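The values are calculated or read from the model by the stated rules, or taken from the named source; none is laboratory data. Please read all numbers here as calculations on a predicted model, not as lab measurements. Using ideal geometry, Cβ is built from the backbone for each residue, glycine included, and neighbour counts are taken over all protein chains shown.
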Amino acid sequence: MPIQNCPLCLRTTNVISSHLHPAAIYPLLRSSEDASPIRVGDDLVMHTDRQMQDYLLCPACEDILNKGGETWTIPKLATMTKSFPLYDILIQRPAVGHDETWTMYFTAENPEIDVERLTHFAMGIFWKASVHSWKGGEKSPMIQLGPYSDEIRLWLRGESSFPKNICLDVMLSRPERALIAITGPLESTRKGWRTFFLYVPGIVFNLQVGKTIEPEMRATCFHEDPTHPILVADAITDMVWQRLGKQFHESRKTKGYLAAKAARSLKRGA
């Protein structure tokens with residue numbers, strides 16, 4: 001294990017290989033044929049078992065993220081078999097509002113949903129993206145959270161309250177519409193404040209940071225609003241497809257990937 005600064009505890013110590021998205025998510029991305037997940041991004045489209053990882057955190061800090069939210073959240077994500085345990089838990093309580101395209105739930109009324117651990121899971125990934133590039137040869141962090149990165153660090157360690165001027169929105173797909181993929185964290189269009197997007201199987205997390213966040217947006221914060229709202233909407237899948245599709249079509253490797261896939265299909269049919 002190399003010895004270097006651990007950005008979570010700020011100690012110079014032995015660090016281990018850390019993942020941007022927890023390693024336990026990757027098995028969920030495999031199809032029934034056990035094919036490697038498709039990676040879209042960084043000018044590439046390919047089947048690969050390669051995971052985004054690098055030496056970053058000390059074992060104790062890895063354990064903070066693991067116990068803080070990962071072990072609770074990951075078994076509840078959507079799967080290739082269309083099961084989605086978090087969704088099933090969510091709908092055990094009546095919705096508080098809906099129309100043809102969305103349904104709102106207040107999870108404060110549902111003791112089976114651990115607000116702290118679900119929040120910790122998402123904030124841990126956003127924070128890791130704010131302190132490391134996750135790309136070989138690059139030094140700039142994947143996303144820029146400015147002073148909010150250290151505020152999140154302290155909260156993750158249990159050394160401060162949830163940061164002010166931060167809003168985390170949580171949205172779910174229905175199981176039959178859930179896209180089994182991971183993407184982000186990445187920055188969305190700015191609206192006077194900064195917005196970052198993260199998707200894991202079945203769940204979109206939107207993180208908004210800045211002093212100018214509108215009051216209506218603050219009222220939707222999953223962690224800070226006493227009702228702890230979660231939105232279920234079909235548009236979530238469309239949103240993720242649009243983001244992945246844009247990267248897919250812009251990739252210089254797309255044609256090669258499609259050609260190889262077609263060749264495999266012809267070979268199986270021969």
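Could you list, ordered by first residue, the pairs with Cβ atoms under 6 Å in which the first is in region 85-100 and closer than 13 Å to residue 233 by Cβ and the second is among the polar types (S, T, N, Q) and part of a strand (DSSP E or B), at least 6 apart or interchain?
That search, which allows pairs on different chains as well, returns 95/103.
When region 176-193 is examined, which residues are found to be outside any loop (DSSP other than H, G, I, E, B) and crowded, with 20+ Cβ neighbours inside 10 Å?
Residues of region 176-193 outside any loop (DSSP other than H, G, I, E, B): 176-177, 183-187.
If the condition is that a residue be outside any loop (DSSP other than H, G, I, E, B) and crowded, with 20+ Cβ neighbours inside 10 Å, then 184, 185 are the ones that fit.
In this structure, does residue 25 turn out to be at pLDDT below 95, under 17 Å from the mean Cα position of the chain (by Cα) and surrounded by 14 or more Cβ atoms within 10 Å (Cβ to Cβ)?
So residue 25 passes the test.
Could you list, in sequence order, the residues of region 209-218 that are of a type in the set (A, V, I, L, M, F, W, C) and at pLDDT 90 or above?
209
Restricting to region 39-71, give me the number of residues that are among the charged types (D, E, K, R), part of a loop (DSSP other than H, G, I, E, B) and at pLDDT 95 or above.
Selection size over region 39-71: 0.
Residues are listed down the side, and each one gets a yes or a no for (1) part of a strand (DSSP E or B); (2) of a type in the set (Asp, Glu); (3) surrounded by 18 or more Cβ atoms within 10 Å (Cβ to Cβ); (4) modelled with pLDDT under 75:
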site	(1), (2), (3), (4)
196	yes, no, yes, no
204	yes, no, yes, no
207	yes, no, yes, no
220	no, no, yes, no
246	no, no, no, yes
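Take region 1-14 and flag every residue that is more than 17 Å from residue 153 (Cα to Cα) and assigned to a loop (DSSP other than H, G, I, E, B). So that I can check it myself, show each step before the final result.
Step one: list which residues in region 1-14 are more than 17 Å from residue 153 (Cα to Cα), which gives 1-4, 13-14.
Hits for region 1-14 are 1, 2.
Within region 222-244, can you find the residues that are at pLDDT below 70 and of a type in the set (D, E, K, R)?
Result: 243, single match.
Could you pull out the residue among 191, 164, 128 that is modelled with pLDDT of 95 or more, on the phi < 0 side of the Ramachandran plot and basic (Lys, Arg)? Before the answer, list the steps.
On the way: 191 fails: modelled with pLDDT of 95 or more; 164 fails: modelled with pLDDT of 95 or more.
That would be 128, the only listed residue that is modelled with pLDDT of 95 or more, on the phi < 0 side of the Ramachandran plot and basic (Lys, Arg).
Between residues in region 1-25 that are over 12 Å from residue 62 (Cβ atoms) and residues that are surrounded by 17 or more Cβ atoms within 10 Å (Cβ to Cβ) and not hydrophobic (A, V, I, L, M, F, W, C), which pairs lie under 6 Å by C-beta distance while being six or more apart or on different chains?
Once the first residue is over 12 Å from residue 62 (Cβ atoms) and sits in region 1-25, its partners that are surrounded by 17 or more Cβ atoms within 10 Å (Cβ to Cβ) and not hydrophobic (A, V, I, L, M, F, W, C) give 20/128.
Quick one: what pairs do we get from region 192-211, first residue within 15 Å of residue 242 (Cα to Cα), second of a type in the set (Lys, Arg), C-beta under 9 Å, 6+ apart or different chains?
If the second residue must be of a type in the set (Lys, Arg), the pairs left are 197/243; 199/243.
Okay, residues lined up against (1) among the basic types (Lys, Arg); (2) touching a Lys or Arg at 6+ places or on another chain (Cβ under 9 Å); (3) crowded, with 18+ Cβ neighbours inside 10 Å; (4) in contact (Cβ under 8 Å) with a residue 60 or more places away in the chain:
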{"position": "125", "(1), (2), (3), (4)": "no, no, yes, yes"}
{"position": "131", "(1), (2), (3), (4)": "no, yes, yes, yes"}
{"position": "134", "(1), (2), (3), (4)": "no, yes, yes, yes"}
{"position": "139", "(1), (2), (3), (4)": "yes, no, no, no"}
{"position": "152", "(1), (2), (3), (4)": "no, no, yes, no"}
{"position": "159", "(1), (2), (3), (4)": "no, yes, no, no"}
{"position": "174", "(1), (2), (3), (4)": "yes, no, yes, yes"}
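Of everything in region 72-100, what is in a loop (DSSP other than H, G, I, E, B), of a type in the set (Val, Ile, Thr) and surrounded by 14 or more Cβ atoms within 10 Å (Cβ to Cβ)? Give them in sequence order.
79, 91
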